[in-house]
Amino acid sequence: MIPISKPFLGEEEVEAVAEVLRSGVLAQSSRVREFEREFARFIGVKYAIAVSSGTAALHVALISVGVRPGDRVITTPLTFFATTSSILLCGGVPVYVDVDEKTMNMSPRILRRTRSEAKVILPVHLHGHPVDMDPILKISKEAGFIVLEDAAQAHGAEYKGRKVGSLGDAAIFSFYPTKNMTTIEGGVIVTNDDEIAERARVIRDQGQTKKYLHEYLGFNYRMTEVSAAVGLVQLKKLDRMNRRRENIARTYMEELDLDEVELPYVAPWAKHAWHLFPLRTSAGKRDLLVEKLNSMGVMARPIYPMPVHRQPIMTRLSDPEKNFLYSLFPKDLRFDETPVAERLTREVFYIPIHPAMSDDDVNTVVRAVKGAVREVRN
């Protein structure tokens with residue numbers, strides 16, 4: 001089975017981990033600091049604060065930019081649930097703006113029509129394609145919103161020549177094993193803001209300003225030295241791994257121009273990181289194509305099964321019998337309709353794209369997609 005995604009690891013990562021283990025220094029120390037410096041340099045920002053996961057990065061970042069209970073955070077309904085759960089775990093109120101039909105990212109046009117007293121806008125660079133940030137930044141400046149980019153899937157993506165993660169007030173990345181680069185598990189907050197960076201450092205480390213001096217409430221969200229060692233090796237490979245993803249995507253774009261499937265859109269101002277390769281078809285054919293591809297040894301899967309606010313937990317937040325964290329969350333949440341996101345959850349699916357794929361793997365995927373389309377057509 002050719003997987004949709006797979007970590008690209010070599011002997012360099014193995015040796016880096018072994019070196020950490022031999023040193024006996026495993027908790028956050030010099031390698032984490034080095035990884036933070038190098039990642040900040042890569043993105044083009046002053047600060048990077050490494051944490052234990054992408055979700056931890058979201059949670060810390062939202063608190064660090066000032067989200068407090070009752071504050072409204074505007075975000076997208078088409079994303080992994082952690083984007084929303086992190087807002088809720090701060091006591092924030094998510095407000096969903098529907099997505100653009102082409103990029104599948106937050107629609108600036110719909111955002112402009114949204115009338116909400118919000119503190120933060122949290123756009124997500126889905127699949128590695130950048131959000132159209134200029135209009136969002138303009139709206140934010142006019143309204144006094146803070147912009148926090150969720151770049152969990154967009155390592156190395158660029159918007160008009162600038163790395164995503166360097167465009168808003170702060171941003172987060174995830175280093176889960178299937179991402180464009182990995183630290184095994186891990187995440188990072190990046191920012192140019194001195195205060196946001198300092199808050200994030202304190203919050204990720206039990207609220208300590210010095211060892212055993214706890215001036216704030218915080219969490220144990222530290223990154224380990226093992227993760228940082230892997231991250232330092234992966235960061236050096238990231239451009240090369242992304243180029244391989246781009247080459248695979250180019251082949252797909254040339255070979256899979258079929259009537260029954262819609263290829264992903266790439267805006268003229270975007271440098272796509274190709275974390276995932278989405279195809280779109282009619283709702284009636286999507287699941288059949290996924291089933292046939294999996295039976296041919298090519299892993300395929302649908303996009304998220306529903307917009308975030310349709311998840312079962314979202315109807316249970318205000319019920320203390322069904323939600324054991326009842327006291328943390330806003331009550332009686334109400335959400336606007338998001339028809340584009342609803343359609344996309346019924347029509348979009350993914351095929352394999354990752355740097356460990358050989359040319360033979362890529363050709364196998366192309367043949368399988370063409371064959372599955374023929375079968376569905378007939």
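The values are calculated or read from the model by the stated rules, or taken from the named source; none is laboratory data. If you're wondering where the values come from, they're calculated on a predicted model, not measured in any experiment. Don't worry about glycine lacking a Cβ; one is built from the backbone with ideal geometry, like all the others, and counts go over all protein chains shown. The area values use the complete protein model at the heavy-atom level, side chains included, leaving out ligands, DNA and RNA. Shrake-Rupley method; radii C 1.70, N 1.55, O 1.52, S 1.80 Å.
Using the structure shown, decide if Ala197 is crowded, with 24+ Cβ neighbours inside 10 Å, touching a residue at least 12 places away in the same chain (Cβ under 8 Å) and among the small types (Gly, Ala, Ser). It is false that Ala197 is crowded, with 24+ Cβ neighbours inside 10 Å, touching a residue at least 12 places away in the same chain (Cβ under 8 Å) and among the small types (Gly, Ala, Ser). With respect to being at pLDDT below 95 and of a type in the set (Phe, Trp, Tyr), Tyr304 falls outside the description.
Report yes if some residue within the range 135-142 is touching a Phe, Trp or Tyr at 6+ places or on another chain (Cβ under 8 Å) and either closer than 25 Å to Ile196 by Cα or assigned to a helix (DSSP H, G or I) (or both); otherwise report no. For the range 135-142, residues touching a Phe, Trp or Tyr at 6+ places or on another chain (Cβ under 8 Å) and either closer than 25 Å to Ile196 by Cα or assigned to a helix (DSSP H, G or I) (or both): present. Of all residues in the range 209-221 being modelled with pLDDT of 95 or more and within 19 Å of Leu62 (Cα to Cα), which is most open to solvent (accessible area, probe 1.4 Å)? It comes out as Asn220.
For the range 54-74, residues that are open to solvent by 30 Å² or more (accessible area, probe 1.4 Å) and not basic (Lys, Arg) total 5.
Determine which member of the set Asp332, Asp336 is within 25 Å of the chain's Cα centre (by Cα), open to solvent by 60 Å² or more (accessible area, probe 1.4 Å) and at pLDDT below 95. Step by step, each of Asp332, Asp336 is checked, and only Asp336 is within 25 Å of the chain's Cα centre (by Cα), open to solvent by 60 Å² or more (accessible area, probe 1.4 Å) and at pLDDT below 95. Could you give every pair whose Cβ atoms fall below 6 Å, whose first residue belongs to the range 246-267 and is of a type in the set (Val, Ile, Thr), and whose second residue is surrounded by 15 or more Cβ atoms within 10 Å (Cβ to Cβ) and not in a loop (DSSP other than H, G, I, E, B), counting only separations of at least 6 or pairs across chains? Listed by first residue and then by second, the contacts come to Ile248/Val362; Thr251/Val362; Val261/Leu279.
For the range 39-58, which residues satisfy the criterion of being part of a helix (DSSP H, G or I) and either without any contact (Cβ under 8 Å) to a residue 60 or more places away in the chain or farther than 18 Å from Glu198 by Cα (or both)? Of everything in the range 39-58, those that are part of a helix (DSSP H, G or I) and either without any contact (Cβ under 8 Å) to a residue 60 or more places away in the chain or farther than 18 Å from Glu198 by Cα (or both) turn out to be Arg41, Phe42, Ile43, Gly54, Thr55.
When Gly91 is tested against (1) of a type in the set (Gly, Ala, Ser); (2) modelled with pLDDT under 95; (3) open to solvent by 20 Å² or more (accessible area, probe 1.4 Å), only condition (3) is not met.
If the condition is being part of a strand (DSSP E or B), surrounded by 23 or more Cβ atoms within 10 Å (Cβ to Cβ) and not hydroxyl-bearing (Ser, Thr, Tyr), then the range 147-186 contributes Leu148, Glu149, Asp150, Ala170, Ala171, Ile172, Phe173. Among the residues of the range 311-329, is there at least one that is in contact with an Asp or Glu (Cβ under 9 Å, 6 or more places away or on another chain), assigned to a helix (DSSP H, G or I) and at pLDDT 95 or above? Taking every residue of the range 311-329 in turn, none turns out to be in contact with an Asp or Glu (Cβ under 9 Å, 6 or more places away or on another chain), assigned to a helix (DSSP H, G or I) and at pLDDT 95 or above.
Only one of Pro355, Pro278 is open to solvent by less than 80 Å² (accessible area, probe 1.4 Å), within 21 Å of Met1 (Cα to Cα) and part of a loop (DSSP other than H, G, I, E, B). Can you tell me which? Spell out the reasoning first.
Values: Pro278 fails: part of a loop (DSSP other than H, G, I, E, B).
Result: Pro355 is the single residue among Pro355, Pro278 that is open to solvent by less than 80 Å² (accessible area, probe 1.4 Å), within 21 Å of Met1 (Cα to Cα) and part of a loop (DSSP other than H, G, I, E, B).
Consider the range 291-310 and keep the residues that are part of a loop (DSSP other than H, G, I, E, B) and open to solvent by less than 50 Å² (accessible area, probe 1.4 Å). The one that is farthest from Ser86 (Cα to Cα) is Gly297.
Scoring Leu26 on the criteria (1) assigned to a loop (DSSP other than H, G, I, E, B); (2) open to solvent by less than 40 Å² (accessible area, probe 1.4 Å); (3) modelled with pLDDT of 95 or more leaves a single failure, condition (2). Could you tell me whether the range 313-321 includes any residue that is among the β-branched types (Val, Ile, Thr) and open to solvent by 70 Å² or more (accessible area, probe 1.4 Å)? Yes, that holds for at least one residue.
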